[in-house]
Amino acid sequence: METSKIILAIETSCDETGIAIIKDGKLIANKLISQIDLFVHYGGVIPELAARLHEYNFPYVLQESLNEAKITLNEVDMIAYTFAPGLIGALQIGAIFAKTLAISLDIPLMPIHHLEGHIHAANIDDKIIYPAMALIVSGGHTELVYMKEAFSYDIVGTTRDDAVGECYDKVARILKLGYPGGPKIDALSREGHPAYKLPMPLDDDSLDFSFSGLKSSFINLYNKLMRSHELINDADLAASLQYSAITILQKKTKRALQKYPSKSLVIAGGVSANSYLRKVFNDLHDTKVIIPKIQYCTDNGAMIAQAAWDRFSANNFENNYFKESISSEELK
Ligand code: KG4
Ligand code: ZN
């Protein structure tokens, strides 16, 4: 009889210390300590502070996750952790804890790419059908990724400058909404209408994006309105930005699906928590659309646990997100 397998997964790439535990493909714990409450005072993440906070918070999150799973550390069969991309110091803290646990428990270690984690969050409550397309929209990435099969990643479109989440965060700063800007703009947009005209950035035949262009157009419009002493409706401004940003994401994704026919479309990363995005993408027909539950969109340990489980059950330990591979020795 098959014995059950337990993987403990660690995510520390930015400002969330996340740990999740997955047993035989089922999440049995998912705990997170966010550092957002601290970084609101600075208007953004301070990498050195983030790393120190991961170090401080890690033991608490670990204990809470074991309590939730009702297991002891000795029952864990494998440790997974985010190895890249992210803030170097923050990633290193996660890697050190992961390696220490794996060595002291004498169990294997599985490095997981952060974006693979975001994509595989789709498998927590649903199932990616291949060939599949992923639209990754986060604070650091805006990418269209074609997946001929599981764990094969072809980046077919990307941003030429800022990521869409970065655009939301920067515009939120101009509107003095605070950090992180995405959820604040999303909430404010719901009180307004896209009454201001903003251009569709890089509305061409390519599958690429340019969100720095959209941010600059927003700043120019804002300055013009300030100079003209017109009454500015912040909610309408937020809704206008949101309309342009999400519409171009939708247009380019449709184009990508025409070029690369896919059986499912996964929307992944923090911006997939956006209410307008969730509405318009769910209306996309022909392709099965998977947008994970909100708690699995922004950074969390569960997505790393799911990706690790998917790799473990497929017995696939090659990491080729950026066509690089990790030797099997490193898995031990
Ligand atoms: O995936 P994530 O948690 O971290 C990275 O890997 O970057 O994404 C964070 C980004 C931030 O830019 C944040 O403002 C944005 O996701 N975000 C949102 C929403 N919730 C988070 N953007 C738009 N609408 C939201 N509701
Ligand atoms: Zn992320």
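The values are calculated or read from the model by the stated rules, or taken from the named source; none is laboratory data. Every value quoted in this text rests on a predicted model; they were computed, and no experiment measured them. Don't worry about glycine lacking a Cβ; one is built from the backbone with ideal geometry, like all the others, and counts go over all protein chains shown. Protein only, heavy atoms only, side chains kept; ligands, DNA and RNA dropped before computing areas. Shrake-Rupley method; radii C 1.70, N 1.55, O 1.52, S 1.80 Å.
At a glance:
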| item | result |
| --- | --- |
| Criterion (touching a residue at least 12 places away in the same chain (Cβ under 8 Å) and surrounded by fewer than 17 Cβ atoms within 10 Å (Cβ to Cβ)) met by exactly one of LYS279, LYS252, LYS259, LYS224 | LYS259 |
| Condition met for GLN63 (open to solvent by 80 Å² or more (accessible area, probe 1.4 Å) and in contact with a helix residue (DSSP H, G or I) (Cβ under 8 Å, 6 or more places away or on another chain)) | no |
| Condition broken by GLY270, with the remaining ones in (1) more than 16 Å from ligand 1 (Cβ to nearest atom); (2) under 16 Å from ALA134 (Cβ atoms) satisfied | (1) |
| Answer from ARG190, ARG160, ARG173 - the residue that is in the same structural domain as LYS259 (by TED's automatic domain parsing) and farther than 29 Å from SER264 by Cβ | ARG173 |
| Enumeration of residues in region 34-60 that are within 17 Å of ALA9 (Cβ to Cβ) and surrounded by 19 or more Cβ atoms within 10 Å (Cβ to Cβ) | HIS54, ASN57, PHE58 |
| Residue list for region 119-152, filter: away from ligand 1 (no atom under 13 Å from the Cβ), at pLDDT below 95 and within 19 Å of CYS297 (Cβ to Cβ) | none |
| Number of positions in region 1-31 that are within 24 Å of ASN74 (Cβ to Cβ) and either of a type in the set (S, T, N, Q) or within 16 Å of ligand 2 (Cβ to nearest atom) (or both) | 11 |
| Any hit, region 275-285, residues being modelled with pLDDT under 80, out of contact with any Leu (no Cβ under 8 Å at 6 or more places or on another chain) and in a loop (DSSP other than H, G, I, E, B) | yes |
| Hey, LEU135 in the same structural domain as LYS288 (by TED's automatic domain parsing), part of a strand (DSSP E or B) and either more than 14 Å from ligand 2 (Cβ to nearest atom) or among the aromatic types (Phe, Trp, Tyr) (or both) or not | no |
| Which listed residue, of LEU177, LEU207, is within 16 Å of ligand 1 (Cβ to nearest atom), in a loop (DSSP other than H, G, I, E, B) and touching a Lys or Arg at 6+ places or on another chain (Cβ under 7 Å) | LEU177 |
| Pick from region 112-132, criterion open to solvent by 10 Å² or more (accessible area, probe 1.4 Å) and within 16 Å of ligand 2 (Cβ to nearest atom), ranking: nearest to the chain's Cα centre (by Cα) | HIS114 |
| Tally, over region 3-24, of residues that are assigned to a loop (DSSP other than H, G, I, E, B) and surrounded by fewer than 22 Cβ atoms within 10 Å (Cβ to Cβ) | 4 |
| Unique residue being more than 16 Å from ligand 2 (Cβ to nearest atom) and under 25 Å from the mean Cα position of the chain (by Cα) when the list is GLY213, GLY269 | GLY213 |
| Residue in region 282-300 that is surrounded by the fewest Cβ atoms within 10 Å (Cβ to Cβ), counting only those that are of a type outside the set (Ser, Thr, Tyr) and farther than 25 Å from THR12 by Cα | HIS285 |
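Condition check ((1) within 16 Å of ligand 2 (Cβ to nearest atom); (2) surrounded by 17 or more Cβ atoms within 10 Å (Cβ to Cβ)) across all residues:
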position	(1), (2)
ARG160	no, no
ALA163	yes, yes
ALA172	no, yes
LYS184	no, yes
GLU191	no, no
